Amino acid sequence: MASILVQFLNGLAAASTLFLIATGLSLIFGVTRIVNFAHGSLYMLGIYVAYSAVNAFQPAGPLGFWGGMLVAALAVGALGALIEILILRRIYQAPELFQLLATFALVLIIKDFALWVWGAEDLLGPRAVGLDGAVSIAGRRFPEYDLFLIAVGPLVLGLLWLLLHRTRWGTLVRAATQDREMVGALGVNQKLLFTSVFALGAFLAGLGGALEVPREPAQLFLDLSAISDAFVIVVVGGMGSIPGAFLAALIIGEVKAFCIGIGNVEILGVVVSFSKLTLVIEFVVMAVVLVVRPWGLLGRPQAIQRAAPSHIEPPLRPASRGLVAGAVVLGVALLALPAYGTAYNVVLMIDILVFALFAASLHFLMGPAGMVSFGHAAYFGLGAYGAGLLLLRAGFPMEAALVAAPFVAALGAALFGWFCVRLSGVYLAMLTLAFAQIGWSIVFQWDSFTGGSNGMVGIWPAAWLSAKPTYYVLTLLLCAAGLLAMRRIVYAPFGYALRAGRDSPLRCDAIGIDLQRIQWAAFTLAGAFAGLAGAIYAFSKGSVSPEVMAISRSVDGLVMVLLGGVQTLSGPAVGAAAFTWLQDTIARNTEYWQSLLGLTILVIVLAFPRGIVGFLAWRFGRAEEIE
Amino acid sequence: MSAVLAISGLSKSFGGVQAVQSVSFEVREGELLAMIGPNGAGKTTCFNMVNGQLTPDSGTVRIGGAETVGRKPREIWRMGVGRTFQITATFASMTVRENIQMALLSHHGQLSRLWPRASSLHRAAAEELLARVGILEQADRACSVLAYGDLKRVELAMALANDPRLLLMDEPTAGMAPKERIALMALAGEIVRERGIAVLYTEHDMDVVFGHADRVIVLNRGELIASGTGDQIRANPEVRQVYLGSRGEA
Amino acid sequence: MNQGKAFLAVAAYALATCFAAPAAAQGTVKVGEINSYKRFPAFLEPYKKGWELGVDEVNASGGVLGKKLEIVSRDDGGSQGDAVRLAEELMSREKVAFISGTFLSNIGLAVSDFAKQKKVLFIAAEPLTDKIVWDNGNRYTFRLRPSVYMQTAMLIDAAVKLNKKRWAVVYPNYEYGQSAVAAFKKLLKEKQPNVEFVSEQAPALGKIDAGAVSQALADAKPDAIFSALFGADLAKFAREGNLRGLFKDRAVFNLLAGEPEYLDPLKGETPVGWYVTGYPWADINTPEHKKFIDAYQKKYNDYPRLGSVVGFSLVQTIAAVIKKAGSLDTEKLVAAMSGLQVETPFGPITYRAIDHQSTMGAYVGQIGVKDGKGVMTSFSYAPGDKYLPSDAEVRKMRPAQ
């Protein structure tokens, strides 16, 4: 009993921190509709700045310590305002999700910045002044500071409630969360509202970080681990709902604490490690919640967002003669690459082609179907693992494994997609992420079958394909076939039905289109193409590891699609090429390559808010009918 | 003339509030029936029970004699029901012609095809429909740049694509200029009469109601309080009191 | 500059760099090195300093084969696919003689398999996984750092001596942690059959919920704890466990916790009396270490971490193998690696012919606090060769070649 009580308190303390990070993200999304990838980075900065501030002000006694924390949170809030004013404000008019690209760039820049300022070593801050001991609860020693944290969560929740319900500013925020257009119509100074919301969100992230100083060291991994936790909580609670975020934080904090408390249990003769389950438990919770409640626990169905006229894609046109000729020339030039390029050009081009196919398969969902996936790497990974497992475990010849692997991915996509297509918008995106993480954790844990965290080695092409130029030609043919097939499908009735579903589900219903079935089929198809990319990738590397289906690979895919331009068909391929090439070139030639890559992406974002191909299409006259 | 749509004893409540209470009426072939009533009278609820978006608590909805309660909107569409919306719902990223082609492709069950070019299928049929609603010259323009009145016509053409026997039009002229309203309703009237389609529509504009409806039914607080020709409704004292009375005059 | 011109400029630059050959320095011997510098800077920055110092020293004393030694280093960003691609790049573009480096076990294994496929020598510097020399061992791969098994085995004697019955284990949930615990359980049971493992916690790497984990461990009332935590997980665990009285009257064994990379952040809160493997850089008085640390401090005005020793010893290995082979031919290099003797700051080591594992050892001892900093007290050097399984066992694990 006593241990249950204490684990419950542990869960509460953890929930407070989770709530602080998540609530800011939720506010920002609610008002600005920006999926702020950099939120975890702001949290990380909160810890680092607080570490420095607390150490600097420590001599001033308790006031110095607690004041230092507040200063850190305020500083992060100010940085948030700055980011909004300098960067995000310029791209609100861009197609939805494009802002995600900018915040992704910020993640890279902030990480390198932190490394540059604070160095690589973990920095463990001092214990909380005045709360550095432990009290006895149920015969166990419990840290005073954790009790303080337990109180902070509800306190912040209460203050936010007052702010949102008792001030004019709060009324505006709530109105904007429900209907963004309405606020514009009310004649509110939208710029100021957005900046202040972003600053408040950043402040809360910074505060969450600062409050962790007495509990954990500042370190450079915190950004990504915090952001995935925060997203999960925001979505489980319901996007834009602050009480929802609190409830979700509570549930996840408690579920984790009890998984740890339970430890290993023998169920029907099998030892189940609940402790190991903490690797993925929040994503399991999220998947269950979203399947049962498609808008999170306390969220409401999102008001249908009418796309601004500038966001509506122009009708599809058949490729112009120039474009066809250009594609043929490019194809020939690529086919002949081994003849005139260096050996490394060939190797790099294999990666570029694979990622082009992967990005195009993601775009197939994001663009025509309007279904954003944050977990598309799952199918890339299933293809890669499918190839490896069929080759090594099932004894398939390499060629057969390559052919069969996309079907493995398609099967996975069909399974996950069945649930996902019942959702829409960010919730759909997050359910794809949840499934991807669940898939990842299975692959990561199943040592005897998938090789666990080490993955599998020895996945090499058959002898006749083993020379790089030969394998390159095979890659080129398969990827080109995949890209052309997807393009053809987009022009076919099926592709039109997808675009119809994106444009107006209501109209689809009224003309008898079974949208869920169509979207499910699209999900499966996209999974198959991603799986093909994954299988080609596995054979080009000779090995697979869980990294092929990690979040970062999904994010890379998103970045490629957005970079190229989500409203164009060739955009994803160009985005994949640009991103892969940039990363390769910059990483090989500079030390602070992450920030340089981030800056480059920021420049592209600000200069070409339609993506690279979107920009070209607009610049060179394929846009019309702008009246 | 036989009843295309027959509704009897339809009821629906939301959390204790009776939105629609044992409403019964029929719409016959070639007839335009306007459903009117003050805000909150239950028009939209009624409408959505007919088109399948809501399931009634009790009562029956028959289309051409077949029960539709419990069927999904797209199944009801298959039974020959076309719809237009109060706020137009078209495919903004497609051309006008492609919008119609989508309805035709769906009608012919060809939406799963992965190979042929969608824009080359049912082209002639689509253009015929566009010509009928008078916007053929707009066929190649994107829906996103169309004038609102023309979008309404696109919707009408889409609704006609599966040769419906019943047309459900929710506020067909909302948001249009007065002159356009009359033109659109005249066109709709012409088409339904030549094809023998039954129409049920809701409307706020009394000119559109009395100028085009063959019959009018009036809902108030979820109940059907009157039914008859335009003249009969105008003369009905109860209607004048609860509905027209509140507006001053018709 | 308008957008169109900007675009053309970028495109032109892209084309230019695609086909540009690397500027080849004449008369150097190039060796490739791949690591996840930006992913694990805490370990890999000192490592890089270590090998840079090593290269300086090798070149100051005449280089290799009469030429200057050049390490061509690449950052794989923690991605296995990128690491393999960079290995190809190093071989085809930079024409390196062979490849070295890597930190993560999965990347180490992937590059090792690549080396086997392409028949090129690979010296794995950091990855700890046992598999790289045993289950997945191959002809072309050699590993420098003492493995998980070796470091675990180094702690067994002390554990057996304490004769504790009830043990709890905690480890990061991936292959390193799993194999450390598996090795610990196996070795301890062999020597102390009555031992009981009463609790097992496996938090995700970098995401330990230290309060809950400490509580769960304490509730199992163990006599002793074996931990394979490191980095931020270790710091959180140490602080929470201290606060909650978990370590009171309990013996704690923690792999790697004596390495400055992980010990230093604990500062004054370093738990006293834990048994660890590590690197007490300030207190090693052997001449070879003195020489190393003086040179290191002179060059960087900073003290070395364990990574620095590994980086430095890697270059010593590289120089030694090229010298012994007398050539850059892969087969000759591979042959020279077997049984190669190298002088390192930890003394002479040998790359075993049987499994290609070096005999580099680690320092084993207890930790304590001195002047507000964590230090290793009462330590001794555990030479690697003493903590490897018997040749028969190794042969059973390592695939026949």
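Computed over protein heavy atoms with a 1.4 angstrom probe, the accessible surface ordering of A:F8, A:F416, largest first, is A:F8, A:F416.
With r as the distance between the Cβ atoms of C:K373 and A:L599 and R0 = 51 Å, compute the FRET efficiency 1/(1 + (r/R0)^6) and round to 0.05. Mind dumping the intermediate values first?
On the way: r = 38 Å, r/R0 = 0.74.
So, using R0 = 51 Å, E works out to roughly 0.85.
Any number yet on Rg/Rh for region B:86-147, C-alpha, Kirkwood? Here Rg/Rh amounts to 0.96. For region B:86-147, a crude dipole built from +1 on the beta carbon of Lys and Arg and -1 on the beta carbon of Asp and Glu, taken about the Cα centre, is about 160 debye to the nearest 20.
Radius of gyration (Cα atoms) of the protein assembly as shown, expressed as a multiple of 2.2 N^0.38 Å: 1.03. The residues neighbouring A:R488, those whose beta-carbon lies less than 13 Å from its own, together hold a net charge of +3 under the Lys/Arg +1, Asp/Glu -1 convention. Highest mean first, the peptides A:498-507, B:34-43 sorted by other C-beta atoms within 10 Å per residue fall in the order A:498-507, B:34-43.
Mean per-residue shielding of peptide A:581-594 is 4, counting Cβ atoms of other chains within 10 Å of each Cβ.
If the chain linking A:Q93 and A:A60 were pulled fully straight, counting 0.36 nm for each residue of separation and taking away their Cα-Cα distance, it would gain 7.1 nm.
When ranked by the protection proxy of mean other Cβ atoms within 10 Å per residue, highest first, what sequence do the peptides A:331-340, A:449-458 form? Walk me through the intermediate numbers first.
Numbers: A:331-340: 12.9, A:449-458: 23.3.
The most tightly packed comes first, giving A:449-458, A:331-340.
Note the per residue figure in Å³ for the convex hull of the C-alpha positions in chain A. Numbers along the way, then the final one.
Details: hull volume 104.2 nm³, N = 627.
In chain A, the Cα convex hull volume per residue is 166 Å³.
Pairs of alpha-carbon atoms within less than 8 angstrom and 6+ residues apart define the contacts here; what relative contact order does region A:2-292 have, in percent? Don't skip to the end; give the middle numbers.
Details: 477 pairs, mean separation 111.7, N = 291.
Relative contact order of region A:2-292: 38 percent.
Protection proxy ranking of C:234-240, C:67-73, C:271-277, B:137-143, by the mean of other Cβ atoms within 10 Å over each peptide's residues and highest first, is C:234-240, C:271-277, C:67-73, B:137-143.
Where does the protein assembly as shown land at 222 nm, in deg cm²/dmol rounded to the nearest 500, when only DSSP H runs of n ≥ 4 count, each adding -39500 (n - 2.57), divided by all residues?
Numbers: 48 runs with 697 residues, N = 1278.
Helix contribution divided over all residues of the protein assembly as shown: -17500 deg cm²/dmol.
Annotation: amide H of B:A226 within the under-5 Å range of B:V218, sequence separation 5 or more or interchain, hydrogens built in the peptide plane.
The share of accessible area on region B:86-147 that comes from carbon and sulfur is 53 percent, using a 1.4 angstrom probe.
Reported to the nearest whole Å, the Cα centre-to-centre distance from region A:505-549 to region C:224-253 is 45.
For region C:322-401, with all protein chains present and a 1.4 Å probe, just round the carbon and sulfur fraction of the accessible area to a whole percent.
Numbers: 2010 of 3850 Å².
Of the solvent-accessible surface of region C:322-401, carbon and sulfur hold 52 percent.
With a 10 Å cut-off around each Cβ of B:66-74, the average count of Cβ atoms from other chains is 2.
Placing +1 on the Cβ of every Lys and Arg and -1 on the Cβ of every Asp and Glu, with no other charges, gives region A:480-525 a dipole of roughly 160 debye about its Cα centre.
For peptide C:241-247, what's the mean number of Cβ atoms from other chains within 10 Å of each residue's Cβ?
Partner-chain Cβ atoms within 10 Å, mean over residues of C:241-247: 4.
Projecting the Cα atoms of C:I293, A:G564, B:G42 onto the charge dipole of the protein assembly as shown (Cβ charges, centred on the Cα centre) puts C:I293 farthest toward the positive pole. In this structure A:T585 has an accessible area near 10 Å², from a 1.4 Å probe over the protein heavy atoms.
The fraction of accessible area contributed by carbon and sulfur in region A:2-292 is 71 percent, rounded to a whole number (1.4 Å probe; ligands and nucleic acids excluded).
How much accessible area per residue does region B:86-147 have, in Å², with a 1.4 Å probe? Each step should come with its number before you reach the end.
Working: 2460 Å² over 62 residues.
Computed with neighbouring chains in place, this is 40 Å² per residue.
Each of A:A528, B:L33, A:G240 was placed along the dipole of the protein assembly as shown (beta-carbon charges, centred on the mean Cα), and the one lying farthest toward the positive end is A:A528. Rg over Rh for region A:2-292 works out to 0.99, using Cα positions for both radii and the Kirkwood form for Rh. Towards the positive end of the charge dipole of the protein assembly as shown, with charges on Cβ (+1 Lys, Arg; -1 Asp, Glu), say which of B:A3, C:P345, C:A210 has the farthest Cα. Toward the positive end, the furthest listed residue is C:P345. Only beta bridges with both residues in the protein assembly as shown are counted; by DSSP, about 50 percent of them are antiparallel.
Roughly how many Å² is the accessible area per residue of region A:331-550, as a whole number, for a 1.4 Å probe?
Per residue, region A:331-550 has an accessible area of 27 Å².
For chain C, relative contact order (Cα pairs under 8 Å, six or more residues apart, normalised by length) works out to 18 percent. On the beta carbon distance between A:Q516 and A:L70, with R0 = 60 Å, the FRET formula returns roughly 0.75.
Over all orientations, region A:331-550 has a Cα convex hull whose mean projected area works out to 12.0 square nanometres.
Our note on the geometry: Cα centres of region C:342-362 and region B:97-137, 76 Å apart. Here the Karplus relation 6.51 cos²θ - 1.76 cosθ + 1.60, evaluated at θ = phi - 60°, turns the backbone of region A:30-45 into coupling constants of x, 8, 9, 6, 8, 7, 8, 5, 7, 5, x, 5, 5, 4, 4, 4 Hz, with x for every Gly and Pro.
When chains A and B come together, the accessible area they lose, probed at 1.4 Å and totalled over both chains, is close to 3200 Å². Between B:H108 and B:L187, the contour length at 0.36 nm per residue exceeds the alpha carbon distance by 25.8 nm.
For A:A492, the residues whose amide H sits under 5 Å from its own are B:A118, ignoring neighbours fewer than 5 places away on the same chain, with H placed 1.01 Å from N. Angle of helix A:593-607 to the longest C-alpha principal axis of chain A, folded into 0 to 90 degrees and rounded to 10: 70°.
Around B:I182, what is the net charge, scoring Lys/Arg as +1 and Asp/Glu as -1 over all other residues with Cβ under 10 Å from its Cβ?
Numbers: positive: B:K179, B:R181; negative: B:E180, B:D205, B:D207.
For residues surrounding B:I182, the net value is -1.
A 1.4 Å probe run over region A:225-288, with the rest of the protein chains in place, finds 32 Å² accessible per residue.
Relative to the Cα centre, the charge distribution of the protein assembly as shown, modelled as +1 at Lys and Arg Cβ and -1 at Asp and Glu Cβ, gives a dipole magnitude of about 900 debye. Interface size, chains C and A: roughly 6700 Å² of accessible area buried, both sides included, 1.4 Å probe, rounded to the nearest 100.
The values are calculated or read from the model by the stated rules, or taken from the named source; none is laboratory data. Everything numeric here is computed off the predicted structure, so don't read it as measured data. As a convention, Cβ positions derive from the backbone with ideal geometry for all residues, glycine included, and neighbour counts pool all protein chains shown. Accessible surface areas use protein heavy atoms only, side chains included; no ligands, DNA or RNA. Shrake-Rupley method; radii C 1.70, N 1.55, O 1.52, S 1.80 Å.
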